[in-house]
């Protein structure tokens, strides 16, 4: 659902989007409209974010996603969508910096998992996420 929502949003804005079969690379991409490179997008749903304004002070990109930066040519954007996929916060991979890396304890991983907690001042907030001609 999240990949579809982002693909429809980008298509609505005139981009020719490709959603490749799962290959552990970026979730979707499009060619730059005036230059010869690809713009990549990784999409995740934030289950703690309901249908409201973004409720957190920072974005949250899992540290394990840094591998995508090495796998892609061209820009890479990380999309956080709310649970119903009608709002998004988008970060460029240029903000995946060690200064933003923090360990986040959780029930599944004893020592916690690392996330880039990127301040919202570096984000693009998309509200609502356009998913068709009528928005």
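The values are calculated or read from the model by the stated rules, or taken from the named source; none is laboratory data. A quick note: this is a predicted structure, and the numbers were derived from the prediction, not measured. As a convention, Cβ positions derive from the backbone with ideal geometry for all residues, glycine included, and neighbour counts pool all protein chains shown.
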Of the candidates 51, 73, the one satisfying the condition of being out of contact with any strand residue (DSSP E or B) (no Cβ under 7 Å at 6 or more places or on another chain) and free of Cβ contacts under 8 Å to residues at least 40 places away in the same chain is 51
Only one of (1) modelled with pLDDT of 90 or more; (2) surrounded by 11 or more Cβ atoms within 10 Å (Cβ to Cβ); (3) part of a loop (DSSP other than H, G, I, E, B) is not met by residue 74, so which one is it? (1)
Residue count for the range 26-46, restricted to those that are at pLDDT below 90 and in a loop (DSSP other than H, G, I, E, B): 6
Does residue 87 satisfy being under 14 Å from the mean Cα position of the chain (by Cα) and buried (at least 17 other Cβ atoms within 10 Å of the Cβ)? yes
Does at least one position in the range 5-13 carry a residue that is more than 19 Å from residue 68 (Cα to Cα) and part of a loop (DSSP other than H, G, I, E, B)? yes
Given the conditions (1) at pLDDT below 95; (2) part of a strand (DSSP E or B), every one holds for residue 79 apart from (1)
Which numbered condition trips up residue 130, out of (1) buried (at least 16 other Cβ atoms within 10 Å of the Cβ); (2) out of contact with any strand residue (DSSP E or B) (no Cβ under 9 Å at 6 or more places or on another chain); (3) at pLDDT 95 or above? (3)
Would you tally the residues in the range 55-67 being farther than 22 Å from residue 109 by Cα and surrounded by 18 or more Cβ atoms within 10 Å (Cβ to Cβ)? 0
Working only within the range 96-125, note down all residues that are without any contact (Cβ under 8 Å) to a residue 12 or more places away in the chain, assigned to a loop (DSSP other than H, G, I, E, B) and either within 15 Å of residue 65 (Cβ to Cβ) or in contact with a strand residue (DSSP E or B) (Cβ under 8 Å, 6 or more places away or on another chain) (or both). 106, 111, 112
